[in-house]
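**Q** Got a structure for you, written out below as structure tokens; questions coming shortly.
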Amino acid sequence: MAELDQDRERARTASGAELAALLHHHASDVLLALLDNPALDETQLCLLLDRKDLPTAVLEEVGRRKPLLKNYRVKRALAFHPRSSRLVSLRLLRDLYLMDLVQLTFLPGISTELKRNAEDQVIARLPQLPLGQKITLARRGPARAAGALLAEGHAQILSVVLDNANLTEAQILKVLSREKLPEGIIKAISQHRKWSCAYNVRLALVRHPSSPLGTVLAYLPELTESDLRELAAPGIVPENLRNYLQAEIQRRTHARKKSALKQEPSASDDVFEQD
């Protein structure tokens, strides 16, 4: 106990190599005392926050000390620490730089709540971002941010964001669920080597009122008959497209009947079998 008390006192006044050594101390009381040491600078505090085994009490104390949080590196280290409390991390999100927010969304083990809030912060900043930053974000941003950029429909962003490995089919479908879309989005999706082959995306493109007729007709043979019948119900698609859907259904029905007739035994076959 006496040794721990001595270490705590040393932590308040140490400097140089002695201070550096105390950054690795196991006791929370000693590490908390380090926060009162005027010699503890930004670099040393960030080294302390780099410890994955840092006690929660120390993280909470750093989060309470506003003078320490004036430094961006400290804010970032605290927000990124896996043991930081939920409230501290959420509070710090609004102060993080854009690409740090993006990096945070990809951290292993990050809570769903923190990830979603970080994505919300990114999406909220999109209207104010210059084109260069939007292109960077389109290239490697998280799924929801990529979906929001796709929905903007900027010509220089569409091809980039559709190639984003984090973009999901759910985000593509969310964009295609909007009745009105900026010009170019439908064309970019329907011509993309990956997304134009996804069945649910094709179905959404057929349903969308802005899809060119040529695109729709090219996809009709690929749709299941049950989906065709659902789309052909009154009020789902424009009447002219509904006629094409009904024609495709009739074509399949006719082809199915014709195939069934071919498979039925002929009268001559029956006579041969009796002989």
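The values are calculated or read from the model by the stated rules, or taken from the named source; none is laboratory data. Note that the structure is a prediction, hence the values are computed from the model and not measured. Because the Cβ atoms are built from the backbone with ideal geometry, glycine has one as well, and the counts that use them run over all protein chains shown. When the accessible area is computed, the model is the full protein with side chains, heavy atoms only, and any ligands, DNA or RNA have been set aside. Shrake-Rupley method; radii C 1.70, N 1.55, O 1.52, S 1.80 Å.
**Q** Might you work out the accessible area of Asp29 for me, using a 1.4 Å probe with all protein chains in place, and round it to the nearest 10 Å²?
**A** Surface open to solvent at Asp29 totals about 80 Å².
**Q** Same structure, new question: Quantify how much of the Cα-Cα distance distribution of the range 158-234 extends past 17 Å, in percent.
**A** The share of Cα pairs beyond 17 Å in the range 158-234 comes to 41 percent.
**Q** For the range 1-107, report the translational diffusion coefficient in µm²/s to the nearest whole number, using Stokes-Einstein at 4 °C, 1.567 mPa s, and a Kirkwood Rh over Cα pairs. Provide the component values of the computation, followed by the final result.
**A** Values: Rh = 14.3 Å.
It diffuses with D of about 91 µm²/s by this estimate.
**Q** When Lys and Arg each count +1 and Asp and Glu each count -1, what net charge do the other residues less than 13 Å away from Gln103, Cβ to Cβ, add up to? Could you put the intermediate results ahead of the total?
**A** Details: positive: Arg76, Lys115, Arg140; negative: Asp100, Glu119.
Taking every Cβ under 13 Å from that of Gln103, the sum is +1.
**Q** Rank these by accessible area, largest first, 1.4 Å probe: His26, His154. Walk me through the intermediate numbers first.
**A** On the way: His26 155, His154 75 Å².
If we order His26, His154 from most to least accessible, we get His26, His154.
**Q** Another question, then. Round to a whole number: what % of the accessible area of the range 133-172 belongs to carbon and sulfur, probe 1.4 Å?
**A** For the range 133-172, the apolar C and S fraction of the accessible surface comes to 49 percent.
**Q** So what is the calculated 222 nm ellipticity per residue for the chain, using -39500 (n - 2.57) for each DSSP H run with n of 4 or more, over all residues, to the nearest 500 deg cm²/dmol?
**A** -18500 deg cm²/dmol
**Q** For the chain, modelled as a GNM with alpha-carbon contacts under 10 angstrom, which of Ala21, Ala143, Ala118 fluctuates the most?
**A** Ala21
**Q** Ignoring ligands and nucleic acids, what accessible area does Leu245 show with a 1.4 Å probe (Å², nearest 10)?
**A** Estimated to the nearest 10 Å², Leu245 gives 0 Å².
**Q** Residue by residue through the range 19-25, what is 3J(HN,Hα) from phi via Karplus (6.51 cos²θ - 1.76 cosθ + 1.60, θ = phi - 60°)? Round to whole Hz and write x for glycine and proline.
**A** Running phi through 6.51 cos²θ - 1.76 cosθ + 1.60 with θ = phi - 60° gives 5, 4, 5, 5, 4, 9, 5 Hz.
**Q** Just by accessible area at a 1.4 angstrom probe, what is the order of Phe106, Phe80 from largest to smallest?
**A** Phe106, Phe80
**Q** How many angstrom lie between the C-alpha centres of the range 103-138 and the range 1-44?
**A** 36 Å
**Q** Show me, for the range 125-135, the HN-Hα J-couplings you get by feeding each phi into the Karplus relation (A = 6.51, B = -1.76, C = 1.60, θ = phi - 60°), rounded to Hz, glycine and proline as x.
**A** 8, 3, x, 8, 7, x, 4, x, 5, 5, 5
**Q** Under a straight-distance cross-link criterion of Cα-Cα below 16 Å, which aspartates and glutamates are reachable from Lys75, leaving out those fewer than 8 residues away in the same chain?
**A** Asp41, Glu42, Asp50, Glu60, Glu61, Asp95, Asp100
**Q** I would also like to ask the following. Any idea of the accessible area per residue across the chain, 1.4 Å probe, to the nearest Å²?
**A** About 56 Å² of surface per residue is accessible.
**Q** Among the lysines, which have Cα under 26 Å from the Cα of Lys70 when same-chain residues fewer than 8 positions away are ignored?
**A** Hits, sequence-local ones excluded: Lys52, Lys115.
**Q** Please identify every one of the GluC sites (Glu not before Pro) in the range 138-208 that sits in a loop by DSSP and has no more than 15 other beta carbons within 10 Å of its own beta carbon.
**A** Qualifying residues, ordered by number: Glu179, Glu183.
**Q** Let me ask something else. With mean projected area of the Cα convex hull in nm² defined as stated, name the option among (i) 26.0; (ii) 13.7; (iii) 12.9 computed from the structure displayed.
**A** For mean projected area of the Cα convex hull in nm², the calculated option is (i).
**Q** Where Lys and Arg each count +1 and Asp and Glu each count -1, what net charge lies around Tyr72 among other residues with Cβ under 11 Å from its Cβ?
**A** +1
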